[in-house]
Amino acid sequence: MASLNFDATTVEPQQDFQALPAGEYLAHVKDSEMKQTKAGTGEYLQLTFEILEGQAKGRLVFDRINLRNPNQVAVQIGQQHLSSLCRAIGQMNVTDSAQLHNKPVIIRLSVKKGSDGYDDSNEVKGFKPAKGGVAAPTQPAQSTGTDNAAPWSQ
């Protein structure tokens, strides 16, 4: 047994951690770490994004960027995803993942349907520069083919 002197009435309970609705969120990279793939044949960069505004403020979203893998297509996709983030935050030459931290960026989230007993989860689908913030969440505008809005980096 452990002796506790805790009053639950003085602390807000933990929030529900269901997937966030698909849309745009102002966020920043809070943490990053290289991890080995489950198969042990490669490595990915795990990024922890923190939502900075709106009802989801403070929520964390995780992104895995496959950077070392025997499958060169997977590596190319990972490098393109990382390039999109770097361009959106203005960090063109990155030697340490800490250079990605604490720089505001708008992330586009989708919801991946859960399966095999897992709940729905979020996937980071793209980035664009943060210009004064954005209320979270908002739905990405539907392109009519005639607007000049900056495209999403993916």
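Quick one: would you say S83 is at pLDDT below 95, among the small types (G, A, S) and out of contact with any Cys (no Cβ under 8 Å at 6 or more places or on another chain)? The answer is no for S83.
A single member of A27, A56, A2 is at pLDDT 90 or above and part of a loop (DSSP other than H, G, I, E, B), and it is A56. Note on the stretch 30-40: residues that are at pLDDT 95 or above and not hydrophobic (A, V, I, L, M, F, W, C) amount to 6. Identify all residues within the stretch 92-105 that are touching a residue at least 60 places away in the same chain (Cβ under 8 Å) and either part of a loop (DSSP other than H, G, I, E, B) or under 15 Å from F17 (Cα atoms) (or both); write none if there are none. Matches in the stretch 92-105: N102, K103, P104. Put simply, of R87, R108 the only residue that is among the basic types (K, R), in a strand (DSSP E or B) and under 21 Å from K131 (Cβ atoms) is R108.
For L4, the conditions (1) more than 19 Å from the chain's Cα centre (by Cα); (2) within 24 Å of L85 (Cβ to Cβ) are fulfilled apart from (2).
Counting only residues that are within 16 Å of the chain's Cα centre (by Cα) and β-branched (V, I, T), which one in the stretch 44-76 is farthest from G23 (Cα to Cα)? So, considering only residues that are within 16 Å of the chain's Cα centre (by Cα) and β-branched (V, I, T), the one farthest from G23 (Cα to Cα) is I65. Of everything in the stretch 100-137 that is surrounded by 14 or more Cβ atoms within 10 Å (Cβ to Cβ) and modelled with pLDDT under 50, the residue that is nearest to A88 (Cα to Cα) is V134.
The values are calculated or read from the model by the stated rules, or taken from the named source; none is laboratory data. A quick note: this is a predicted structure, and the numbers were derived from the prediction, not measured. Glycine also receives a Cβ, built like all others from the backbone with ideal geometry; neighbour counts cover every protein chain displayed.
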